[in-house]
Structures are given as structure tokens and as C-alpha cells.
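One structure is given below, encoded as C-alpha cells.
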Amino acid sequence: MSEVEPRAETIDALRGSRRVAALTGAGISAESGLETFRGKGGIWEKYDFNKLATLEGFLEDPCLVWSWYDERRLGIYNSGPNMAHEALAELEARADEFALITQNIDGYHREAGSRNVIELHGNIWRARCMGGCQTIEFREVPLSTVPPLCKRCGELLRPDVVWFGEPLPTDAIDRGLAAAAACDLMLVVGTSGTVQPAASIPVYAKRSGAYVLEVNTEPTPLSKLADDSVYGKAGDVLPALLEMARGRCGHDG
Ligand code: BJW
């Protein structure tokens, strides 16, 4: 484990902040064994995102896209949340208000005990009918047929996730931005900060006066904005930071 050396203001912010928000990305699930998207060995180094993460790619080859998501679902099913997810759930329990804003679709934050979870890019366990019937189905692994069809109307189902060029769910982005505007402390954990509009959420928080704390294994475009960046694995850094601030986050004394 690398040594965690936050600024003194970071510990003060963890102790004194009543309204906390966190924005998380693929890096927080890396220690659960899930792949990140960018960087060395990332998903987009191996696969073409145009084929797997756009509506056009899906319509061209739904079997390919469903097979890729099914493979990922199996990986998610066979693993689980790690100490970083647990630390954020603990932080929620200690804060007066807490919003967990995630770009991840794995569902691990809820599994770890986080309650106010805002999923910006959807959820891998849901499938949505592409016909007119609006049906949402919950699918287990492995899929019995690829591609799966809607039980109600027989049309093609798609993963209920947000692909490039698609708008984020209005409710999720509205709640995420509201939480960012209202928080005293925003943690930005395991995201490259390159995908919009999610990457703008910490900017809103900063503009509204929040202390922004980044946790990542390496600098990102958001590091310039952050009041402090603690570099290391989230599963090491977050529990260590909570230990340093133990017992007083959101409640003085
Ligand atoms: C660790 C660690 C450890 C590793 N501990 N840290 C040009 C300019 C600006 C914007 C655009 C543009 N061209 C297109 C756009 C818009 C586009 C965009 O932002 N593109 C950029 C890439 C250029 N955005 C969109 O298209 C979005 N929609 C939109 O804008 O709609 C507008 C609209 C309005 C109205 C009508 C129509 C449209 C949608 C974005 C959807 C993103 N979808 C994906 C895939 C789907 C979900 C899935 O299958 O999982 O979401 S792409 C992928 O990137 C995934 C992620 O959620 C997302 C963000 O990635 P994340 O989480 O940051 O992961 P990584 O891999 O990038 O970073 C991991 C980090 O962890 C790294 O920093 C590591 O160092 C770190 N790390 N181990 C701590 N142990």
C-alpha cells in the first residue's frame, strides 16, 4: 500500500463537511477486477467504441454488442464491491446529505450499501425495449438468447446504458448537478474526467464553493481543478482518508 499524504485541509473537509457528493468512474471498480476504459490495457485499446458503445454499432450488430455486455455482466456477477465502494458507503452513513454520482453501470455502489446512488450512464442489469412498449426488464447472466427480445412485444431489447451521442437520463443529470451545486465537499474517484457531461460535475461543485478532492492512480484533466489530489488505488486511499478523519465527518465531535 502506498503512503497516503493528503493536505491538512482535506482531512478538515472530510471532518467538517455536512453535504458531500462523490463522482466515481471505472477506476473505483478496477480493484474488483473490472477493466477501465482508457489508458494502458483499457477496454478502448482492445475494442472499437464505435462498434460497442454507439447506437449505430448496436443496430449494425446487436449480437456482438450483447455478447460483450454479457461477458462484462459475468465479470461483474463473479466479483463484487471493494473497499473503496465500502468507504463511500461509510461516508454516506456519516454525512448529513450525500449523493453518490456514478458513471459506472456495475451496480456495486448499491451492493456496498450506498443509498442515494445516481447512475449517469445506466445500469448493466437492465434491458430496455427498442419498440414502443417502454418495457424495462432485469436480466441475469448468462443470457439464454442473444440478442434478447422483449417479453411483452417481441422487439429487440438493448442494454439500458448510455452510449456515445446519447443524452443522459434527465433525472440523473439533474440530480447530479443539483448535488454538485449544493455540496461542501466533492470527491472525484477513479475517473479520467474525459467524458461529458459527467466530467463537468466537479466544475459545478467547485464553482459553487465546494472543496474538490480527487483520488486517482494518476493525474487527470480534473487535477488542475481539484483542491487536493491523492494518488494511489482508491481501495487503499479512501479507507486511509476515512481513518484519518474517523468519527467526525458531517458531525463535529
Ligand atoms: C484508478 C484506479 C484505482 C484506474 N483507483 N483510480 C468532443 C468534445 C466534447 C464532448 C464530446 C466531443 N465529442 C463527443 C462528445 C460527447 C461525448 C464525450 O464526452 N466524448 C469524449 C470522450 C470526447 N459524450 C457523450 O456522447 C455523452 N452524451 C452526450 O454528450 O449527449 C449529448 C446529447 C444531448 C441531447 C441529445 C443527444 C445527445 C454520453 C457518454 C456516454 C459514455 N458511455 C460509456 C460506455 C457506456 C457504459 C458502459 O458500457 O460501461 O461510459 S464510455 C465509458 O466512458 C463509460 C464510462 O462511464 C465513461 C467514463 O469513463 P471513466 O469512468 O472515467 O473511466 P476511464 O477508463 O476513462 O478512467 C478510469 C480512471 O481510473 C483513470 O483516470 C485511471 O487512472 C483511474 N484508475 N485504477 C483509483 N485502483
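Derivation of every value follows stated rules applied to the coordinates shown; laboratory data play no part. This one's a predicted model, so the numbers in the text were calculated from it and none came from an experiment. All Cβ positions, glycine included, derive from the backbone under ideal geometry; neighbour counts span all protein chains shown.
Odds and ends about this structure:
- Ascending count of other beta-carbon atoms within 10 Å, so fewest first, for Val65, Val215, Val146: Val146, Val65, Val215
- Computed over the range 44-91, the ratio Rg/Rh where both radii use C-alpha atoms and Rh is Kirkwood: 1.18
- Formal net charge of residues neighbouring Asp228 (Cβ-Cβ distance under 9 Å; K, R +1; D, E -1): -2
- For the range 177-253, the convex hull spanned by the alpha carbon atoms encloses 89 Å³ per residue.
- Cβ-Cβ FRET estimate between Trp68 and Ala8, R0 fixed at 51 Å, reported to 0.05: 0.65
- Along each principal axis, Cα extent of the range 68-125, largest first, Å: 39, 21, 12
- Ranked for footprinting exposure by Cβ neighbours inside 10 Å, fewest first, Thr24, Thr135 give Thr135, Thr24.
- Count of Lys pairs (Cα-Cα under 22 Å; at least 8 positions apart or interchain) in the chain: 4
- Spin-label pair Asp171/Asp227, simplified geometry with 7 Å Cα→Cβ offset, distance in nm: 3.2 nm
- Taking 0.36 nm per residue of separation and subtracting the Cα-Cα distance, full extension of the segment from Phe164 to Val203 would add 11.9 nm.
- Shape metrics for the chain, restricted to C-alpha atoms - Rg then Dmax, Å: 18.5, 59
- By the beta-carbon count within 10 Å of each Cβ, the least crowded to most crowded order of Ile43, Ile118, Ile101, fewest first, is Ile43, Ile118, Ile101.
- Rounded FRET efficiency, nearest 0.05, which uses the C-beta distance separating Thr194 from Asp61 and R0 of 25 Å: 0.45
- For the range 60-193, the pair-distance distribution built from all alpha carbon pairs, in bins 5 Å wide starting at 0, is 2, 9, 17, 21, 19, 14, 10, 6, 3, 0 percent.
- Principal axis dimensions, largest first and in whole angstrom, of the range 136-197 by Cα: 47, 22, 22
- Working from Cα pairs under 8 Å separated by at least six residues, relative contact order for the range 69-194 is 22 percent.
- Just checking the listed ones, Gly33, Gly42, Gly122: in the Gaussian network model of the chain with Cα springs under 10 Å, the one fluctuating most is Gly42.
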